[in-house]
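Data first, discussion second: the structure below is written as structure tokens.
The values are calculated or read from the model by the stated rules, or taken from the named source; none is laboratory data. Remember, predicted model here, so these are calculated numbers, not experimental data. Just so you know, the surface numbers come from the protein's heavy atoms only, side chains and all, with ligands and any DNA or RNA stripped out. Shrake-Rupley method; radii C 1.70, N 1.55, O 1.52, S 1.80 Å.
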Amino acid sequence: MKKGRLLNSELSRLIASLGHGQSVTVADAGLPIPLGSHRIDLALTEGVPGFLETLEVLLAEMQVESVIIAKEMAAASPELYQALMSRIGQLSSEQGQLVEVLKLSHEAFKAESHDSMGIVRTGEFTPYANIILKSGVVF
């Protein structure tokens, strides 16, 4: 459910259309996006926009019940993993409820992303910089 400051009309429309339990994937530049998926391509060049900055805007706009990441992120991109886990902990505090983190193999993550209402492609080049955000409710 939308919270309030996003400028990109396509992303804003996507978030406003989410119901409880539906998902949005935020992806690095290399995540395969299946044909037929609602693709919102923000990638301009390497690192622009970045994964974390894109995620930050989405987190300001939607209520998140749980997230899914690839378990490989912790070993392959430890700095990103730590920053992400810190931000998810902060989000839990902001929302007043625990945001569950589910870790899947990268292959299972890719399969799960196919169920997303939209896949947002960033310019991020950090390995495994992908997350699925499951929508919660604000009441």
Practice task
Compute the length gained on full extension between Ala74 and Leu98: take 0.36 nm times their separation in residues and subtract their Cα-Cα distance, giving the result in nm to one decimal.
Solution key: 6.6 nm
Problem - Translational D in µm²/s for the stretch 56-109 (Stokes-Einstein at 37 °C, 0.692 mPa s, Kirkwood Rh from C-alpha pairs) - result: 279
Handout entry: Accessible surface, per residue, of the stretch 1-69 when the full set of protein chains is kept, probe 1.4 Å, Å²
Key = 47
Practice task
Would you calculate a helix-derived [θ] at 222 nm for the chain, using -39,500 (n - 2.57) for each DSSP H run of n ≥ 4 and dividing by the full residue count, to the nearest 500?
Solution key: -10500 deg cm²/dmol
Fill in the blank from the handout: In the chain the accessible area split gives carbon plus sulfur, as whole percent at 1.4 Å, a share of 54
Exercise for the section: Sort Leu133, Leu102, Leu7 from largest to smallest accessible area, using a 1.4 Å probe on the heavy atoms of the protein chains. Expected result: Leu7, Leu102, Leu133
Practice task
Take the alpha-carbon centre of the stretch 4-40, take the same for the stretch 89-124, and report the distance between them in whole Å.
Solution key: 12
Practice task
Please work out which option in (i) 2, 9, 15, 16, 14, 12, 10, 8, 7, 5, 3, 1, 0, 0; (ii) 2, 8, 16, 19, 18, 13, 9, 7, 5, 2, 1, 0, 0; (iii) 2, 11, 22, 26, 23, 13, 3, 0 gives P(r) over Cα pairs in 5 Å bins from 0, in percent calculated from these coordinates, and answer with its label.
Solution key: (iii)
Practice task
Work the Kirkwood hydrodynamic radius out for the stretch 85-139: mean of 1/r over every pair of different alpha-carbon atoms, inverted, in Å.
Solution key: 13.1
Practice task
Compute, for Leu11, the solvent-accessible surface of its heavy atoms (probe 1.4 Å) with the complete set of protein chains present, and express it in square angstrom to the nearest 10.
Solution key: 10
Practice task
Please report, in Å, the Rg and the Dmax of the stretch 1-64, where both are computed over Cα atoms only.
Solution key: 11.9, 33
